[in-house]
Amino acid sequence: MRGITKSFPGVKALRGVDLEVFPAEIVALIGENGAGKSTLMKILGGVHQPDAGTISVGGKQVQLLNVNDSIRLGIGFIHQELNVLDNLDVAANVFLGREPRRALGIIDSKRLHDETKIHLDRLELPFSSHTPLSQLSLAQRQMVEIAKALSLNARLLIMDEPTSSLTLSETQRLLDVARDLRSQGVSIIYISHRLGEIEAMCDRVVALRDGANAGGLTREEISHDRMVRLMVGRELEHLVHNMPHADHVGES
């Protein structure tokens, strides 16, 4: 993404933002509320159109006019608000609206579950494709969302605050899955206010402040204090160190 600019009535949300993600890389996107993270990701996900700037995938410039354009290019968006249906089983959720069909349009149930099992096994999940979603925990439902993205052949996953409602053990499992996906060649853009998670697993950090790039960190440079400094600005550094819950700076 190069020079991405976006305005809404009365608000300039993004001011020439650049973002680059390499294959098999986990990049953290950080910033305080209103920094422009969500707007930038909605543009990458085909939800919003930029006013200016370019997007290239695999070296080729593309136009993402809608969500389907992003999906076709291998971009999957795991939203903070899960898009799953409790009254259906896991397989029906993974292939919702894309069910494999036999002649006369009848859903091919065997193929539906067989293909879902491939993605559940890839994520090493302990439940079956036949499990009703209502029986799964919040963390497990999030894994179903990831399985759905993988079923779309996603090469880049956007994870927006994926651990905000998870327990410590559930969070650790999700971080392990993210690392496993990276080892399989999947790239991840990871948005989180939990800076400890970013420090533990991300390869790079890109910071936004007031709708513009505020700097970045390599793997060796990532630390809590440096991330906070990028988000709030050096001039406020002395205030940040006196804040009682600095881990939650940038919560969104």
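The values are calculated or read from the model by the stated rules, or taken from the named source; none is laboratory data. Small disclaimer: the values here were computed from a predicted structure and weren't measured. Methodologically, a virtual Cβ is constructed for each residue, glycine included, from the backbone with ideal geometry; neighbour enumeration extends over all protein chains shown. For accessibility, only protein heavy atoms count, side chains too; no ligands or nucleic acids. Shrake-Rupley method; radii C 1.70, N 1.55, O 1.52, S 1.80 Å.
Selection of segment 201-228 for residues being among the hydrophobic types (A, V, I, L, M, F, W, C) and touching a residue at least 24 places away in the same chain (Cβ under 8 Å) yields 201, 202, 205, 206, 207, 208, 212, 214, 222, 227, 228. Residue count for segment 201-214 under the criterion of being open to solvent by 40 Å² or more (accessible area, probe 1.4 Å) and not in a loop (DSSP other than H, G, I, E, B): the result is 3. Taking first residues from segment 178-200 that are over 19 Å from residue 150 (Cβ atoms) and assigned to a helix (DSSP H, G or I) and partners that are among the acidic types (Asp, Glu) and open to solvent by 40 Å² or more (accessible area, probe 1.4 Å), the Cβ contacts under 8 Å between residues at least 6 apart in sequence or on separate chains come to 195/247; 196/247. Of the residues that make up segment 44-54, is at least one under 23 Å from residue 181 (Cα atoms) and either among the β-branched types (Val, Ile, Thr) or open to solvent by 40 Å² or more (accessible area, probe 1.4 Å) (or both)? Within segment 44-54, not a single residue is under 23 Å from residue 181 (Cα atoms) and either among the β-branched types (Val, Ile, Thr) or open to solvent by 40 Å² or more (accessible area, probe 1.4 Å) (or both). Hey, among the residues in segment 84-118 that are surrounded by 15 or more Cβ atoms within 10 Å (Cβ to Cβ) and β-branched (Val, Ile, Thr), which one's nearest to residue 41 (Cα to Cα)? Top of the filtered list is 84. With the condition kept exactly as written, say whether any residue in segment 67-83 is over 30 Å from residue 127 (Cα atoms) and either open to solvent by less than 40 Å² (accessible area, probe 1.4 Å) or touching a His at 6+ places or on another chain (Cβ under 8 Å) (or both). Yes, the conditions are met somewhere in segment 67-83.
So in segment 119-151, with the set limited to residues that are among the charged types (D, E, K, R) and in contact (Cβ under 8 Å) with a residue 12 or more places away in the chain, which one is nearest to residue 68 (Cα to Cα)?
This residue is 148.
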